[in-house]
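Participant: Could you have a look at this structure, given as C-alpha cells, before my questions?
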Amino acid sequence: MSLDASVGDGSVDGDVLAELFYPVFELLFDADGDFVGDVERKLAEARMPDQVEMYVSRALGVGLLVGGALWALGTLTGYGVFSLGLIEPDALSLGVPAPTPAIQEFLRSLVVPTAVLVSGLVFGSIGFAIGFGGVVAVPYSRASAREREINLLLADSVSFMYALSVGGLNQLEILRAMATAEDTYGEVSQEFQSIVNETEYFGTDYRNAIRQQSLETPSDELSQFLADMLSIVNSGGDMESFLKDKKEKHLRTSKQEREMTLETLELFGEMYMTLSLFPLLLIIILVIMGMMGESDERLLYATVYALIPLTGAGFLVLVSTVKQDEPGDGYLHPDGGSERLQQTSREGLLHFGLIEAFVGRFGVFDRIRDREGTYKTKQIVSAPHLFLRDNPLYTLALTVPAALVIVAVTVASGNAPTTFDGWVDRPVWSTFVWVYVPAYLVLAPLAVFHEWSQRSKRAITGKLSESLRKLSSANDTGQTLLESVETVSETSTGKLAEEFEVVHAKVNYGMSLRDALVEFNNKYAVPRLARTVKLISEAQEASSQITDVLTTAAQASENQDDIERERISRTRMQVAIIVMTYVTLLGVMAILQTQFIDVMGGLSSQADSGAAGGAGGAGFGGGGGVDPDVLSLLFFHAVTLQAILSGFISGYIRNADIVSGVKFAVVLMTLALGVWIYVG
C-alpha cells in the first residue's frame, strides 16, 4: 500500500494510526494555530475529505514510526562501524582539553557511546522529518497541481461560459453546464461541481455557495473570477457582458503566463549547458590524476554510470516542474448521447463498439460479435501501419521482444561479449550489440509512428482557427450550423475539410450533430480540439445561430496558435543549445581519446618503466599508466548516455512529451556511434 493511498485517503490503517497518535497531536499542536489552519486550508484546496486533526495525527504517527525505525538503524550503524573496526575511537576528537590523564581516559571512554547516540538521533530525526513532512506535503502537492491545471484551463472555461450565456442559458444553467464538463475542463469543472452540489444537496443559496468556493479554491485567478461573478449576480448586472470581458482578460493572461514559462525554460537551457559539462570536466580531472597514480578507478566509473544519468534525470525533473503539459486526454464522454455514441466511444482492442449493446438479446448478435473480432483482426493485419500510427506505443509490443531475441541470438552465437574483458577488447562492437541494436529496434519505429501520429493531429489543428472563422462567417449569413459545416467542407481543403464532410454526411444519415462532432473529436483526441468541440456542441443545442460562439471559439483557437508559434520559436533555441552542448562534449571526448589518452598513456608507461625497471606503475591500466581500451569504453558509454538524456530532455522541452524526445535520442546516439567508429 502506497503512502499516498494509506495516509492521504483515510484508509482503515490510517484512521487507527490517527486515533492512536491523537493525544500526541493535542500535546504538540494548537488546534486553532496557524500551522493547523494552513494544513486545513490545503486539505480543502486539494479536495481531500480528511479532518485536519486526524490528518496531522496520522502524519505524526507515520513520522514517529519511520523515525523510530531509522533511529534503530542509525544506532546499529554507529555501533557497527566501531565494533567492526571501520573507525577507531581515537580518530574522533573534539579537542577538549583534559587537565589530568584520568579525565582524558574518561573522555576517551565516552567517545563510542556518544557517537552511537548521536548517530541514532541524527538518523531518527531524518526519519521523522521524512515521515511527518512527507504526509503533510501531500495536500500541498495536490493543491499546487490543481492550481496549475485550473490556471491553464481558466481562459477556455470562461470562453465556454460566455458561449453558453450567448446561447441564452441563465446563471444556474451555466453553473450546471460547467459542473458537467469535467471531461474537458477538468479541475475547473470540479470547482463548479462543489457549487452545484452545495445548492442541490445541502440547500445552500447559490450565492453563498459561490462565495464559499471562492475562498476554498487553490487558484487565486479563479477565486477572483468567482468573487467578481458574485458581485454581478448580487447587483443584477449583465452576465454576458461580464463573461465577455473576463474572456478577453484571461486570454491575455494565459498568453502572458506562457511567455513567462518560456523565459524560465530559456534560463534552464543555459543551466543545462553548465550542468552537462560538469561530468566531462570531472572525467578529465580523474584521467589526469589516474595518469599520476593518484586517482581511484571507481570514481571514474561512478562519474560515467551514476553522475551523468543522475544529472540528466534531475534536470528532466526540474524542467517538469515548470513545463506546462496540456491538461486532459482529449476525449469527450458521451453523457446523454445516443446508444451508438456511448458504445463506439468505448471501442478498442477488447471492445467491439456498437454490437456490444445488443449482445445477449438474440443469438445472431453473439455471432456478429464473434465475427466482428475476426474482422477487426483482419483490418489490423491488412493495414498495421495505420493501427500503429493511431497507437504508437503499441510498437513496443513488437520491437521489444524482437530486440531481446536478436541480442539472445548474438550472445548464443558468441558474437556478443559477455565479460568485462570482452567489452574492453572490443568497446565499439560490444556497445553496438548490447545497446545500439536494441535501441534502434525499439526507438526508431516508436519515433516514426509517434511523429506520424502527431503530424496527422497537426493536420487538424493547423487549420482549425481558419475553419472556425469561416464557420462564423457562414453562420452569420443565416445558415444553420450544419449548413455552415457543409459550406466550409466544400470551400476548404485539407484533412479538417474532409472531416467536416464526414460530419455532414453522418447528420444526413440520422445522427445528431452533437454526436457527430463528439465522434470526430474522439477520433483524434486532441485536448485543444476537445475544448472547441465541447463549446460548439453545447451552444448549438440552444440555437443554430451561434455566430458569437463560433467567433469566441476562433479567438480562443487563434490565441492558442499564437502561444504555439511563440513556444516553437523559443524552444527551438533551447533545443539548439542542448544539441550544441552535446556536440561540444562529444568533440572534446573524441579529442581526449585520440590526441591525449594514447600519447599520455605511452609517456606514463615509459616513465614507470624507467623509474621502476618495468615493475608496474599505478594508474587505470594497473600495469603502468592508463589503459586506453578501458578509457575508450568508458568515454563511449559516457557520450552514449549523454546522447540519450540530451535527446529526451530536448523532446520534453520542445513538446512537454517524453516520447517526442525519442527522435532526438536516436539522432544523437547515431552521431556518437559514427564518431566513435572513427576514433575508438
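The values are calculated or read from the model by the stated rules, or taken from the named source; none is laboratory data. Being a predicted model, the structure only gives us computed values, none of them experimental. Cβ sites come from the backbone with ideal geometry, for glycine too, and all protein chains shown count toward neighbours.
To keep it simple, each residue is scored yes or no on (1) without any contact (Cβ under 8 Å) to a residue 40 or more places away in the chain; (2) within 31 Å of the chain's Cα centre (by Cα); (3) under 24 Å from residue 675 (Cα atoms); (4) in the same structural domain as residue 637 (by the TED database).
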residue: 364; (1), (2), (3), (4): yes, no, no, no
residue: 371; (1), (2), (3), (4): yes, no, no, no
residue: 376; (1), (2), (3), (4): yes, no, no, no
residue: 383; (1), (2), (3), (4): yes, no, no, no
residue: 397; (1), (2), (3), (4): yes, yes, no, no
residue: 416; (1), (2), (3), (4): yes, no, yes, yes
residue: 420; (1), (2), (3), (4): yes, no, yes, yes
residue: 427; (1), (2), (3), (4): no, no, yes, yes
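Participant: Exactly one condition in (1) in contact (Cβ under 8 Å) with a residue 12 or more places away in the chain; (2) over 30 Å from residue 499 (Cα atoms); (3) surrounded by fewer than 18 Cβ atoms within 10 Å (Cβ to Cβ) is false for residue 456; which is it?
Facilitator: The failed condition is (2).
Participant: Condition (residue is in contact with a Pro (Cβ under 7 Å, 6 or more places away or on another chain) and crowded, with 18+ Cβ neighbours inside 10 Å) applied to segment 276-286: is it met by at least one residue?
Facilitator: No - not one qualifying residue is present in segment 276-286.
Participant: When segment 140-173 is examined, which residues are found to be outside any helix (DSSP H, G or I) and either under 15 Å from residue 223 (Cβ atoms) or outside the structural domain of residue 239 (by the TED database) (or both)?
Facilitator: Those that are outside any helix (DSSP H, G or I) and either under 15 Å from residue 223 (Cβ atoms) or outside the structural domain of residue 239 (by the TED database) (or both): none in segment 140-173.
Participant: Answer yes or no as to whether residue 416 is of a type in the set (Gly, Ala, Ser) and buried (at least 17 other Cβ atoms within 10 Å of the Cβ). Please lay out each step first, then the result.
Facilitator: Values: of a type in the set (Gly, Ala, Ser): yes; buried (at least 17 other Cβ atoms within 10 Å of the Cβ): yes.
Yes.
Participant: Could you list, ordered by first residue, the pairs with Cβ atoms under 8 Å in which the first is in segment 468-483 and under 22 Å from residue 559 (Cα atoms) and the second is at pLDDT 90 or above and not in a helix (DSSP H, G or I), at least 6 apart or interchain?
Facilitator: That search, which allows pairs on different chains as well, returns nothing.
Participant: Now, a different point. Looking only at segment 648-680, how many residues end up being at pLDDT below 90, buried (at least 20 other Cβ atoms within 10 Å of the Cβ) and of a type in the set (Phe, Trp, Tyr)?
Facilitator: Number satisfying all stated conditions: 1.
Participant: For residues in segment 167-193 being within 12 Å of residue 239 (Cα to Cα) and polar (S, T, N, Q), which is surrounded by the fewest Cβ atoms within 10 Å (Cβ to Cβ)?
Facilitator: By that ranking, first place goes to 170.
Participant: Here are 269, 237: which of them is modelled with pLDDT under 80 and crowded, with 16+ Cβ neighbours inside 10 Å?
Facilitator: Every option except 269 fails the conditions.
Participant: Mind listing whichever residues of segment 241-252 are at pLDDT 85 or above, crowded, with 18+ Cβ neighbours inside 10 Å and not basic (Lys, Arg)?
Facilitator: 242, 243, 250
Participant: Now for a different question. State the number of residues belonging to segment 429-449 that are farther than 28 Å from residue 627 by Cα and in contact (Cβ under 8 Å) with a residue 40 or more places away in the chain.
Facilitator: Initial filter on segment 429-449 (farther than 28 Å from residue 627 by Cα): 438-449.
Filter once more, keeping what is in contact (Cβ under 8 Å) with a residue 40 or more places away in the chain: 439-447, 449.
Total satisfying the criteria: 10.
Participant: Applying the selection to segment 399-425, what residues are of a type outside the set (Ser, Thr, Tyr) and part of a loop (DSSP other than H, G, I, E, B)?
Facilitator: 414, 415, 416, 417
Participant: In segment 207-217, which residues are part of a helix (DSSP H, G or I) and of a type outside the set (Lys, Arg)?
Facilitator: 208, 209, 210, 212, 213, 214, 215, 216
Participant: Tell me, which residue of segment 380-398 that is of a type in the set (Gly, Ala, Ser) and part of a helix (DSSP H, G or I) is modelled with the lowest pLDDT? Please lay out each step first, then the result.
Facilitator: Restricting attention to segment 380-398, the residues satisfying the condition of being of a type in the set (Gly, Ala, Ser) are 382-383, 397.
With the extra rule that they be part of a helix (DSSP H, G or I), the set shrinks to 382, 397.
Details: 382: 86, 397: 91.
It comes out as 382.
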